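Before any comments, here is the structure.
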Amino acid sequence: MTDPRFYTNAGPFSLGEIAQLAKTKLSDDADPGKQIVDVAPLDRAGSDELSFLDNKDYVDVFANSAAGACIVHPEFAARAPRGMALLLTEKPYPAYAHAARAFHPPHRLEPGISPRADIDPEARLGPDCRVESGAVIGSRAEIGARAWIGTNAVIGPGVVMGDDCRVGTGAAIFNSLVGHRVAIYSGARIGQDGFGFAPDPAEHLKVPQLGRVIIGDDVEIGANSTVDRGSGPDTIIGERCMIDNLVQIAHNVQLGPGCVIVAQVGISGSTKIEDYVFIGGQAGLTGHLKIGAGARIAAQSGVMRDIAPGTIMGGSPAVPIRDWHRQNIRLARLAEKKEA
Amino acid sequence: MTDPRFYTNAGPFSLGEIAQLAKTKLSDDADPGKQIVDVAPLDRAGSDELSFLDNKDYVDVFANSAAGACIVHPEFAARAPRGMALLLTEKPYPAYAHAARAFHPPHRLEPGISPRADIDPEARLGPDCRVESGAVIGSRAEIGARAWIGTNAVIGPGVVMGDDCRVGTGAAIFNSLVGHRVAIYSGARIGQDGFGFAPDPAEHLKVPQLGRVIIGDDVEIGANSTVDRGSGPDTIIGERCMIDNLVQIAHNVQLGPGCVIVAQVGISGSTKIEDYVFIGGQAGLTGHLKIGAGARIAAQSGVMRDIAPGTIMGGSPAVPIRDWHRQNIRLARLAEKKEA
Amino acid sequence: MTDPRFYTNAGPFSLGEIAQLAKTKLSDDADPGKQIVDVAPLDRAGSDELSFLDNKDYVDVFANSAAGACIVHPEFAARAPRGMALLLTEKPYPAYAHAARAFHPPHRLEPGISPRADIDPEARLGPDCRVESGAVIGSRAEIGARAWIGTNAVIGPGVVMGDDCRVGTGAAIFNSLVGHRVAIYSGARIGQDGFGFAPDPAEHLKVPQLGRVIIGDDVEIGANSTVDRGSGPDTIIGERCMIDNLVQIAHNVQLGPGCVIVAQVGISGSTKIEDYVFIGGQAGLTGHLKIGAGARIAAQSGVMRDIAPGTIMGGSPAVPIRDWHRQNIRLARLAEKKEA
């Protein structure tokens, strides 16, 4: 059961309801009227709870689970323990997402402006915003409806945000134009001036950073990540990008729609990344690159050249993933050999 | 001498007292009654100060030090300058720790609630807490005795913390159950929802993150580090874990007791790490791994497979450390050779 | 045109004025009296705007730009579109910096202490400081003239800062002595105690961290970076160092003047780095190293040994850059070969 200290629960739902909303097929022997009270992990779920199996490494856990019901791929159905109701689907993870969202819909805190928030008289807020204690909103900022500005978060002067945005505790947004339904997590720093200067042993010469950060709809930017504003061009985060924690995005970077950037990735200045590119954790990209749509970059890769669309890369310096695997195999063999 | 702007000093102590509390043997020619006023580094210590030598790279600095007394391994005693009192021990670093803690015991700031703190009326605090300016404590949070909640720190609704905890300036803790004597450093972000979604080019589907962060006693989590809460299972930080700055710990990760995680490490979702594992700086671990007790992982390693207990690993992809050294040697030789 | 929501503009200036302040030679066919209203990127500049070309990858963009004027190296002059006025120089980037600074001089916000700032009565501030909402300044802190302490920033007790410093929103500075004209960016954490303890499976033994952070004049430290104070020695950031976002600097590290440290670099304890060293993004250095003046370390390098002055290094473990390139070439060929 989810901890009631932290989560409310919109359940129960019947198995039949869940099967439908999760777009799954209920196993023949299951009772569609059976009440399910919550979702839970395989190893903790009880007889009135729903779980899911999405990773074959956990089939044994599944086979020993006490869950009353489970969302599962048909190929594993035979491993289910006796009496477990199955919700069958080719794609268990999104099906589970739908079920879990039914029990735990994104919850809306009560709107209201804390008396300890500090909102400039020239800022404009849409209806039903929540601005928490210690939050600061600068002059001429424009914030859409139903925003949730967390404790001690800061929205700088002139920043524009769409509707239904969420800004985590202590996050800061400056010099940015932000779309709808954007979530900026706790401690993220958006829009500061980037690392722009002409290096000189006597005195580095700072170059004014005159662009903005443009953030599309439905973007998420993780905790303590940093996104510098453009130097003249803008830094652009395309709609639906998912950016994890502690990611660095330098000035003038452009991300196309739907990119997935895992924790601790660093993307150097002016690199352009097309749609739906995946970048694994701790990977780094040098500046002024072009990364084609649908490319995938393995964790810890060091990318120093352009990447063609759809290519999978790994290693530092990054090469096509097959070459990287072969390099690793050959290197291992080389180390095993007697010295030539 | 330590800077009196920042540090108070419980000394002086006599050499005899220090030798005893640091469990060291005073050299025969030393005067146990000699007064020592402070600790100091080898190159700055004066004749009434105590220093230590723990790293043989600094033996020359030791041999030229003006320190009045020094904690040192017997093997280096002969290199001591004339007149330096020696406190001999096989383990100089812990001995120094005990001495330094005598001069500079962890200091307790005065308890009290700042009028500029914002504490929900439904939150409960134990006796003798200190809650500083701008700190925010949410409804139903329960905080033990003698907590120190720093400036602008945020404790979310329902969070439970034990006694003698310390939360640094601007840190944030949500959806967590925290033990006793835990230190969360400045800017750390604990308990936000992790990177959980079913990827889809048309629309990434968010999966509710319904677990917690469970933090054992005596844990430390460094500045600007991020620990995501579990997705359904909990994220668990075992007692006595030491976590450095800018570390990323993803949802459902489990750390056993006493692990040491150096700066900028990233640990991906659901990886389980047993007791007393050391992970060097900037290393990365992929998800769903099992790392055995006592394993050691070199800095910048990329771990993609389970690791057996006690194994030392290095490289990316990580291999047993001896193999990694051999790979590096062979690769260097290969590069030296004329082309085949 | 730069976005007037965020930037003011001190222009227009005539081409003649700009050519002079940027120390460039105006092309013979250009009209020195022509008015230029702003700077802009090559692909967005209009006929009354100034741009620059500094990277030959963008020569085609230059050749098709509608910019009225452009700062450019003479070797590309022939590629300029008809009618574009050229400002010729061997070093276009610093020339552009001077021009951009003329249009957009570093702007000074109005001085003043927010009623929502919390300044200890024993703190001292120089004239014309700006202390924003939610900022907290501790007892006995001494802050020079014209400081700008951002929203929710925290200056700890006893901290000393020179004139003209800037502390970004939510940044925190403790146990530090800071020079003039220093910029600490949003969320940076300066002066917390570092990762100092004697490891022990039963109980890690904390070692008091008794040093400070000493920051020279004209230093910049990027967003969400962390700089631990010394353990007894000080952590020292030499004058004019430029440190990017999410960088980790451990206790007792010393940086000489003018170093450039790119994002996500980690420098381990007690490593000493001489003047004007460049360290690329995500590189890591182990502890107790000595890095000679003018050395350059490629992105993602793993440095485990001392580096001689002026050397260029790459790879993990890092080797001289030529060797690294050769290793990569040989490894690629090895992977292509049929198995021996």
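Below, the figures for the structure above:
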{"read-out": "Evaluation of C:Thr226 against (1) under 20 Å from C:Gly162 (Cα atoms); (2) out of contact with any Pro (no Cβ under 6 Å at 6 or more places or on another chain); (3) within 14 Å of chain A (Cβ to nearest Cβ) (one fails), failing number", "value": "(1)"}
{"read-out": "Failed item in (1) assigned to a loop (DSSP other than H, G, I, E, B); (2) within 9 Å of another protein chain (Cβ to nearest Cβ); (3) in contact (Cβ under 8 Å) with a residue 40 or more places away in the chain, with C:His107 passing the rest", "value": "(2)"}
{"read-out": "The one condition in (1) surrounded by fewer than 18 Cβ atoms within 10 Å (Cβ to Cβ); (2) away from chain A (no Cβ under 12 Å); (3) within 22 Å of A:Gln282 (Cα to Cα) that B:Arg296 fails to fulfil", "value": "(1)"}
{"read-out": "Unique match (being more than 19 Å from C:Lys206 (Cα to Cα), free of Cβ contacts under 8 Å to residues at least 60 places away in the same chain and more than 12 Å from chain C (Cβ to nearest Cβ)) among B:Ala77, B:Ala67, B:Ala45, B:Ala85", "value": "B:Ala77"}
{"read-out": "From the options B:Arg322, B:Arg333, residue that is surrounded by fewer than 19 Cβ atoms within 10 Å (Cβ to Cβ), in a helix (DSSP H, G or I) and either within 8 Å of another protein chain (Cβ to nearest Cβ) or at pLDDT below 95 (or both)", "value": "B:Arg333"}
{"read-out": "For B:Met161: the one exception among (1) away from every other protein chain (no Cβ under 11 Å); (2) over 21 Å from B:Ser225 (Cα atoms); (3) surrounded by 23 or more Cβ atoms within 10 Å (Cβ to Cβ)", "value": "(2)"}
{"read-out": "In the range B:142-155, residue farthest from B:Pro127 (Cα to Cα) [restricted to those that are part of a strand (DSSP E or B) and either more than 12 Å from chain A (Cβ to nearest Cβ) or in contact with a helix residue (DSSP H, G or I) (Cβ under 6 Å, 6 or more places away or on another chain) (or both)]", "value": "B:Ile149"}
{"read-out": "Among residues of the range A:233-258, those that are closer than 19 Å to A:Arg212 by Cα, within 11 Å of chain B (Cβ to nearest Cβ) and among the hydrophobic types (A, V, I, L, M, F, W, C), counted", "value": "3"}
{"read-out": "Condition met for B:Ser139 (farther than 30 Å from B:Lys56 by Cα, within 14 Å of chain C (Cβ to nearest Cβ), outside any helix (DSSP H, G or I) and hydroxyl-bearing (Ser, Thr, Tyr))", "value": "no"}
{"read-out": "Matching residues in the range B:20-59 - criterion: being in contact with a Leu (Cβ under 6 Å, 6 or more places away or on another chain) and either within 16 Å of C:Gln209 (Cβ to Cβ) or surrounded by fewer than 17 Cβ atoms within 10 Å (Cβ to Cβ) (or both)", "value": "B:Lys25, B:Pro32, B:Val39, B:Ser51"}
{"read-out": "Filter pass, C:Gly211 being modelled with pLDDT of 95 or more and at the interface with chain B (Cβ under 9 Å from one of its Cβ atoms)", "value": "yes"}
{"read-out": "Lone unmet requirement of (1) in contact with a Lys or Arg (Cβ under 6 Å, 6 or more places away or on another chain); (2) buried (at least 22 other Cβ atoms within 10 Å of the Cβ) for C:Ala147", "value": "(1)"}
{"read-out": "All positions within the range B:278-291 that are surrounded by fewer than 23 Cβ atoms within 10 Å (Cβ to Cβ) and either more than 10 Å from chain C (Cβ to nearest Cβ) or modelled with pLDDT under 95 (or both)", "value": "B:Thr286, B:Gly287, B:His288, B:Leu289, B:Lys290"}
{"read-out": "Which listed residue is small (Gly, Ala, Ser), more than 27 Å from B:Val265 (Cα to Cα) and assigned to a loop (DSSP other than H, G, I, E, B), from A:Gly170, A:Gly194, A:Gly187, A:Gly158", "value": "A:Gly158"}
{"read-out": "Only one of A:Asp54, A:Asp31 that is assigned to a loop (DSSP other than H, G, I, E, B), over 15 Å from A:Ala99 (Cα atoms), in contact with a helix residue (DSSP H, G or I) (Cβ under 8 Å, 6 or more places away or on another chain) and assigned by TED's automatic domain parsing to the domain that holds A:Lys91", "value": "A:Asp31"}
{"read-out": "Residue in the range C:1-19 that is part of a helix (DSSP H, G or I), surrounded by 14 or more Cβ atoms within 10 Å (Cβ to Cβ), within 27 Å of the chain's Cα centre (by Cα) and away from chain A (no Cβ under 14 Å) present", "value": "yes"}
{"read-out": "Residue in the range C:205-225 that is more than 18 Å from the chain's Cα centre (by Cα) and either of a type in the set (Asp, Glu) or not assigned by TED's automatic domain parsing to the domain that holds C:Ile249 (or both) present", "value": "no"}
{"read-out": "Failed item in (1) more than 12 Å from chain A (Cβ to nearest Cβ); (2) out of contact with any Leu (no Cβ under 8 Å at 6 or more places or on another chain); (3) not charged (D, E, K, R), with B:Val131 passing the rest", "value": "(2)"}
{"read-out": "Candidates C:Val227, C:Val207, C:Val178, filtered to the one that is under 20 Å from B:Gln264 (Cα atoms) and of a type in the set (A, V, I, L, M)", "value": "C:Val227"}
{"read-out": "Residue check for B:Pro115: within 13 Å of another protein chain (Cβ to nearest Cβ), free of Cβ contacts under 8 Å to residues at least 40 places away in the same chain and assigned to a helix (DSSP H, G or I)", "value": "no"}
{"read-out": "Subset of the range C:314-336 that is on the phi < 0 side of the Ramachandran plot and of a type in the set (Gly, Ala, Ser) - its residue that is nearest to the chain's Cα centre (by Cα)", "value": "C:Gly314"}
{"read-out": "Total residues in the range C:232-257, condition in contact with an Asp or Glu (Cβ under 6 Å, 6 or more places away or on another chain) and either among the polar types (S, T, N, Q) or in a loop (DSSP other than H, G, I, E, B) (or both)", "value": "6"}
{"read-out": "Boolean, B:Asp120 is closer than 24 Å to A:His107 by Cβ, surrounded by fewer than 20 Cβ atoms within 10 Å (Cβ to Cβ) and touching a Gly at 6+ places or on another chain (Cβ under 6 Å)", "value": "yes"}
{"read-out": "Residue count for the range B:259-277, restricted to those that are in contact with a Ser or Thr (Cβ under 6 Å, 6 or more places away or on another chain) and either without any contact (Cβ under 8 Å) to a residue 12 or more places away in the chain or within 10 Å of chain C (Cβ to nearest Cβ) (or both)", "value": "0"}
{"read-out": "So B:Val159, is it closer than 28 Å to C:Leu205 by Cβ and without any contact (Cβ under 8 Å) to a residue 40 or more places away in the chain", "value": "no"}
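Results for (1) at positive phi; (2) modelled with pLDDT under 95, shown as yes or no for each residue.
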site	(1), (2)
C:Pro105	no, yes
C:Leu109	no, yes
C:Val131	no, no
C:Gly134	yes, no
C:Ala147	no, no
C:Gly150	no, no
C:Gly158	yes, no
C:Asp164	yes, no
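The values are calculated or read from the model by the stated rules, or taken from the named source; none is laboratory data. Everything quoted here is computed from the prediction, not taken from an experiment. Positions of Cβ are backbone-derived with ideal geometry, glycine not excepted, and every protein chain shown enters the neighbour counts.
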